[in-house]
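Colleague: Below you will find the structure I want to go over with you.
Values quoted throughout were computed directly from the atomic coordinates according to the rules given, and no laboratory measurement underlies them. Just so we're clear, the structure is a prediction, and the values are computed from it rather than from any experiment. Ideal geometry is used to build each Cβ from the backbone, glycine not excepted, and the neighbour counts take in all protein chains shown.
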Amino acid sequence: MAELTLFVEASAEAVAARAESLVVQALQRRGATLTLAGGSTPRALYRRLAGAPIDWSTVTVLFGDERVVPRGDPVSNAAMAAEALLDHVAPRAVHRIETERGAEEAAQRYGDLVETMALDLVLLGMGRDGHTASLFPGGAEGRASVVITESPTAPPTRVSLSRPTLERADTILVLVTGADKAARFAAVWPEVTGPAEEAQAPAARVRPRRRWWWVVDEAAAAELPAAARAQGDP
Ligand code: 6PG
């Protein structure tokens with residue numbers, strides 16, 4: 001089982017600061033891959049990473065999932081990452097999920113690519129339903145490297161690294177902030193600390209090989225019993 005650590009921070013900005021320090025630590029190894037999460041939570045972290053002490057010339061950037069929308073569409077994860085981070089640094093390589101090719105071809109091509117790569121640090125978020133990347137409760141986790149999923153939240157069609165692929169990660173860092181996540185996080189955390197086979201929420205099922213970092217704010221942890229916090233105290 002990976003080494004599980006829960007960081008509970010005072011605010012969303014403190015989450016971004018803690019996550020920045022963890023990312024800098026994880027990217028010390030030259031030639032590392034960094035897999036980015038989508039959604040809105042990581043934006044504050046990405047903005048900090050744009051000025052962090054990281055040698056981006058040795059970092060290869062991947063994406064955990066992408067919405068199937070036209071290239072450059074502001075709701076795409078690549079557009080958010082570009083605005084907050086990638087337009088401000090010069091990574092060794094950035095590999096987008098090319099959804100403009102259509103979901104099937106994008107998934108096939110990305111799967112062929114990621115199969116050749118080690119996943120050193122994977123960033124993930126958690127939705128209010130417990131989803132992560134574009135792996136939704138009850139949805140197919142997939143055996144291939146990349147799966148196409150139908151999301152209950154728009155835009156519907158997404159291309160996502162599969163659970164088996166995400167679990168090749170050396171380290172997974174999960175970011176959860178906001179009171180709207182509190183109920184779900186309190187329900188998911190016991191699954192995270194419990195056996196993988198009993199976990200229901202995708203965010204609790206996707207487990208890395210070595211380090212599993214959860215960085216949450218007090219608002220998201222508000223319904224977590226104090227005793228539960230101890231499971232994963234740094
Ligand atoms: C996406 C993400 C998704 C996200 C969660 C949390 O494409 O939306 O991959 O898994 O991490 O939905 O989103 P927020 O950070 O916006 O709450």
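Colleague: Suppose we keep only residues that are assigned to a strand (DSSP E or B) and in contact with a Ser or Thr (Cβ under 6 Å, 6 or more places away or on another chain) within the stretch 115-134. Which one would you say is surrounded by the fewest Cβ atoms within 10 Å (Cβ to Cβ)?
Modeller: Step one: filter the stretch 115-134 for residues assigned to a strand (DSSP E or B), giving 121-125, 132.
When the remaining residues are screened for being in contact with a Ser or Thr (Cβ under 6 Å, 6 or more places away or on another chain), the result is 121-122, 124-125.
Details: Leu121: 24, Val122: 28, Leu124: 30, Gly125: 21.
The residue in question is Gly125.
Colleague: Still on this structure: Can you pull out every residue in the stretch 62-75 that is crowded, with 20+ Cβ neighbours inside 10 Å and out of contact with any Gly (no Cβ under 9 Å at 6 or more places or on another chain)?
Modeller: Our first condition is that a residue be crowded, with 20+ Cβ neighbours inside 10 Å; within the stretch 62-75, this holds for 62-68.
Hit for the stretch 62-75 is Leu62, nothing else.
Colleague: Here's something else I'd like to know. Would you check which residues across the stretch 25-58 are away from the ligand (no atom under 16 Å from the Cβ) and closer than 15 Å to Asp170 by Cα and list them?
Modeller: Gln25, Ala26, Leu27, Gln28, Arg29, Arg30, Gly31, Ala32, Thr33
Colleague: Could you please find all residues in the stretch 79-107 being in contact with a strand residue (DSSP E or B) (Cβ under 8 Å, 6 or more places away or on another chain) and under 20 Å from Glu150 (Cβ atoms)?
Modeller: The answer is Ile97, Thr99, Ala103, Glu104, Ala106, Ala107.
Colleague: What about Leu173, is it within 24 Å of Thr58 (Cβ to Cβ) and within 9 Å of the ligand (Cβ to nearest atom)?
Modeller: Numbers: within 24 Å of Thr58 (Cβ to Cβ): yes; within 9 Å of the ligand (Cβ to nearest atom): no.
So Leu173 does not fit the description; no.
Colleague: Tell me, which helices (runs of 4 or more DSSP H) wholly within the stretch 177-234 include 3 or more residues that are surrounded by fewer than 18 Cβ atoms within 10 Å (Cβ to Cβ)? So that I can check it myself, show each step before the final result.
Modeller: Working: elements: 182-193, 202-205, 226-229.
Answer list for the stretch 177-234: 182-193, 226-229.
Colleague: Among Ala50, Ala103, which is touching a His at 6+ places or on another chain (Cβ under 6 Å) and surrounded by fewer than 20 Cβ atoms within 10 Å (Cβ to Cβ)?
Modeller: Numbers: Ala103 fails: touching a His at 6+ places or on another chain (Cβ under 6 Å).
The match here is Ala50.
Colleague: Taking the conditions exactly as written (without any contact (Cβ under 8 Å) to a residue 12 or more places away in the chain and either more than 19 Å from Val61 (Cα to Cα) or away from the ligand (no atom under 15 Å from the Cβ) (or both)), does Ala187 satisfy them or not? Steps first, please.
Modeller: Working: without any contact (Cβ under 8 Å) to a residue 12 or more places away in the chain: no; either more than 19 Å from Val61 (Cα to Cα) or away from the ligand (no atom under 15 Å from the Cβ) (or both): yes.
Judged against the criteria, Ala187 is not a match.
Colleague: If you check Thr171, Thr157, which single one turns out to be under 24 Å from Val75 (Cα atoms) and touching a helix residue (DSSP H, G or I) at 6+ places or on another chain (Cβ under 6 Å)? Break it down stepwise before answering.
Modeller: Working: Thr171 fails: under 24 Å from Val75 (Cα atoms).
After applying the criteria, what remains is Thr157.
Colleague: Given the condition more than 17 Å from the chain's Cα centre (by Cα) and within 15 Å of the ligand (Cβ to nearest atom), answer yes or no: does some residue in the stretch 85-105 qualify?
Modeller: Step one: filter the stretch 85-105 for residues more than 17 Å from the chain's Cα centre (by Cα), giving 87-93, 98-105.
If we keep only those that are within 15 Å of the ligand (Cβ to nearest atom) too, we end up with 99, 103.
Yes, there is a match, as at least one residue in the stretch 85-105 is more than 17 Å from the chain's Cα centre (by Cα) and within 15 Å of the ligand (Cβ to nearest atom).
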